[in-house]
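Input: one structure, supplied below.
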Amino acid sequence: MVKVDVEKCIGCGTCAADCNIFSITIKDGKAVPGKWCLECGHCTAVCKEKAVTLLGDYDPSEVLEYDNPETFGIAPDRLLNFVKFRRSIRQFTDDPVSDADIAHILEMGRYTQTGANFQPLRYIVLTKETLQEITPIALKTLAELDVKNVDKKAMRVPYQYLDFQSTWIKWYQVYQKTKRDLLFHGAPNALLIVSRTCNEVDGCFNTGHLDLMINALGLGACLMGFGTFVFAMSPELKQRVGIQEGESVIFMMVFGHPNVKYLRTVSRKKVRYEKI
Ligand SMILES: Cc1cc2nc3c(=O)[nH]c(=O)nc-3n(C[C@H](O)[C@H](O)[C@H](O)COP(=O)(O)O)c2cc1C
């Protein structure tokens, strides 16, 4: 919900014109908010008079004024080069990511848009100790999984069509012999993106933004399809990290300080594209 300060409101209708669900009306020269509200904040951001504020679990003191394009803009070519240079990182130093950097990463997630502004996600940050504890459970789960008979929907990724299981068995053997972790790449931290809704798009989109911030901080990440999958398959893992009934791990990523240096970008296949 939003609140309109009638002293400040001049009834210009800018907020009503920009309301996605036509909730705001102008009556007697003042904006009147309707009952249904996505709490997207467009009306608060567009009002020249600063007459509209969001009610509820929102902190008005964190609102930033658009006073300098340099603060908010990003040059397209730099953005593209940033994405081109980003790599999945699978070699990490042992140093944990600082709490300040973790806060920055999560702030990126908090501000990433969600369908109908539902904001359904929560995060679990795994420390090295927790990762070390869950690694053997995860590797054993994958190595012993009856892949061909796993419910395809629960599996979400069609791993049964590819021979990943022999790889997982080898990974578990390597782990048992040497303690080397080929699943989570020995990372010092991991992030679980957790949701109660079935809208996986929110979680996946959020993951991409988190990955960008991780890289902007000079850290590195690797998205974990296998890691996500193993959380879907193992009630023991879910319980260990506190996944509640009805929740699922939408995505998992490992992250930390890279122990590898890339010197150039790589090539990609040509874009498939048509204009119709
Ligand atoms: C949805 C998704 C799932 C992935 N799962 C894994 C994984 O389980 N293990 C892994 O080492 N890399 C994983 N990756 C990383 C991809 O292998 C990697 O993005 C791809 O090879 C391109 O390399 P780049 O990220 O360095 O550009 C995943 C990437 C995506 C987007």
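The values are calculated or read from the model by the stated rules, or taken from the named source; none is laboratory data. For clarity, every value in this text was computed on a predicted model and none was experimentally measured. Here the Cβ is made from the backbone with ideal geometry for all residues, glycine too, and neighbour counts use every protein chain on show. These area figures cover heavy atoms from the full protein model, side chains too; ligands, DNA and RNA do not enter into them. Shrake-Rupley method; radii C 1.70, N 1.55, O 1.52, S 1.80 Å.
DSSP loop (so not H, G, I, E, B), at most 16 other Cβ within 10 Å: list which trypsin sites (Lys or Arg not before Pro) in the stretch 178-276 pass both filters. Mind showing how you got there, number by number?
Details: sites: Lys179, Arg180, Arg196, Lys238, Arg240, Lys261, Arg264, Arg268, Lys269, Lys270, Arg272, Lys275; in loops: Lys179, Arg180, Arg196, Lys261, Arg264, Arg268, Lys269, Lys270, Arg272, Lys275.
For trypsin sites (Lys or Arg not before Pro) across the stretch 178-276 that sit outside H, G, I, E and B with at most 16 neighbouring Cβ atoms in 10 Å, the list reads Lys179, Arg180, Arg196, Lys261, Arg264, Arg268, Lys269, Lys270, Arg272, Lys275.
Find the percent of Cα-Cα distances in the stretch 73-147 that exceed 17 Å, and round it to a whole number.
The answer is 71 percent, as a whole percent.
Take the chain, connect every pair of alpha-carbon atoms lying under 10 Å apart with a spring to form a Gaussian network, then pick out the residue of Val241, Val97, Val63 with the largest mean-square fluctuation.
Looking only at Val241, Val97, Val63, the largest GNM fluctuation is found for Val63.
Once fully extended, how much extra length lies between Val125 and Lys152, figured as 0.36 nm per residue of separation less the alpha-carbon to alpha-carbon distance?
Gain on stretching Val125 to Lys152: 6.9 nm.
Okay, moving on. Do any of Lys152/Lys261; Lys35/Lys153; Lys84/Lys153; Lys128/Lys261 go past 28 Å between their Cα atoms, and which?
In this structure, Lys152/Lys261; Lys35/Lys153; Lys84/Lys153 exceed 28 Å between Cα atoms.
Could you tell me how many degrees, from 0 to 90 and to the nearest 10, lie between the Cα long axis of helix 76-85 and the main elongation axis, the longest principal axis, of the Cα atoms of the chain?
Once rounded, the angle reads 20 degrees.
What list of ³J(HN,Hα) couplings, whole Hz, do you get for the stretch 44-53 from phi and the Karplus terms 6.51, -1.76, 1.60, once you set θ to phi - 60° and write x for glycine and proline?
6, 7, 9, 6, 5, 8, 6, 8, 10, 10
What distance in nm separates the two pseudo spin-label positions at Cys12 and Ser61, each 7 Å out from Cα along the beta-carbon direction?
Reported label-point gap for Cys12 and Ser61 is 2.8 nm.
List the lysines whose Cα lies under 20 Å from the Cα of Lys50, skipping any in the same chain that are fewer than 8 positions away.
Lys3, Lys8, Lys27, Lys30
Accessible surface of His257 in the full protein assembly, 1.4 angstrom probe, to the nearest 10 Å²?
Roll a 1.4 Å probe over it and His257 shows about 60 Å².
Next question, about the same structure. Which of the trypsin sites (Lys or Arg not before Pro) across the stretch 12-57 are loop residues per DSSP, with 14 or fewer other Cβ within 10 Å?
Here the sparse-neighbourhood loop sites are Lys35, Lys48, Lys50.
By the gyration tensor of its Cα atoms, with a ≥ b ≥ c the square roots of the eigenvalues, what is the shape of the stretch 181-242: rounded for a/c under 1.5, prolate for a/b over b/c, or oblate?
Oblate shape, in that a/c is at least 1.5 and b/c is the bigger or equal ratio.
Give me log10 I(q)/I(0) at q = 0.14, 0.15, 0.18 Å⁻¹ for the stretch 79-256, Debye formula, one equal scatterer per alpha-carbon, no solvent.
-0.77, -0.88, -1.26
Still on this model: In degrees between 0 and 90, to the nearest 10, how far off the longest principal axis of the chain does helix 99-111 point, with axes built from Cα atoms?
Roughly 60 degrees, rounded to the nearest 10.
For Ser166, tell me the accessible area in Å² from a 1.4 Å probe, rounded to the nearest 10.
It works out to around 50 Å².
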